[in-house]
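We did not get these values from a lab; they are worked out from the coordinates using the rules stated. Here the structure is a predicted model, which means the values were calculated and not measured. All Cβ positions, even for glycine, are placed from backbone atoms using ideal geometry, and neighbour counts span all protein chains on display.
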Amino acid sequence: MPITKQNLMRHELIGLKARVENSSDPTLLGICGTIIDETRDMLVIEQAEGTKIVPKGSSKFMFTLPGGEEVEIEGAKLVRRPEERVKQRR
């Protein structure tokens, strides 16, 4: 099943492009790159300058889907283990 705006929450985020649109930590604003790892509370984003660990709960993300569509999601909606989020029914 292809990743769409409607089913993004039930898919693996690793490999997607992401940008931090808003955060309670101003040093994280604008971080942009590829998600290389995910934990319950954090996304690890790889940039040209290195990797950054971004907390999900206090950030808002813009994800770029494989088809080029951009989707904005509140990070608080992503807070849970990836395997639990993927299994979640909506």
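Summing +1 for each Lys or Arg and -1 for each Asp or Glu among the other residues whose beta-carbon sits under 13 angstrom from that of Glu74 gives +1. Couplings 3J(HN,Hα) for segment 74-81, derived from phi with the Karplus relation 6.51 cos²θ - 1.76 cosθ + 1.60 (θ = phi - 60°), are 5, x, 4, 6, 9, 5, 3, 4 Hz, where x marks Gly and Pro.
Return a whole-number percent for the relative contact order of the chain, with Cα pairs under 8 Å and 6 or more residues apart as the contact set.
Relative contact order for the chain comes out at 28 percent.
Residues whose amide H lies under 5 Å from that of Lys56, counting only those 5 or more places away or on a different chain, are Met42, Leu43; hydrogens are built 1.01 Å from N in the peptide plane.
Spacing of the modelled spin labels on Ile36 and Lys17, each 7 Å from Cα toward Cβ, amounts to 1.8 nm. Considering only Gly33, Gly67, Gly15, the Gaussian network model of the chain with Cα springs below 10 Å gives its largest mean-square fluctuation to Gly67. Distances between placed amide hydrogens fall under 5 Å for Asp37 paired with Val44, all partners being 5 or more residues away or on another chain.
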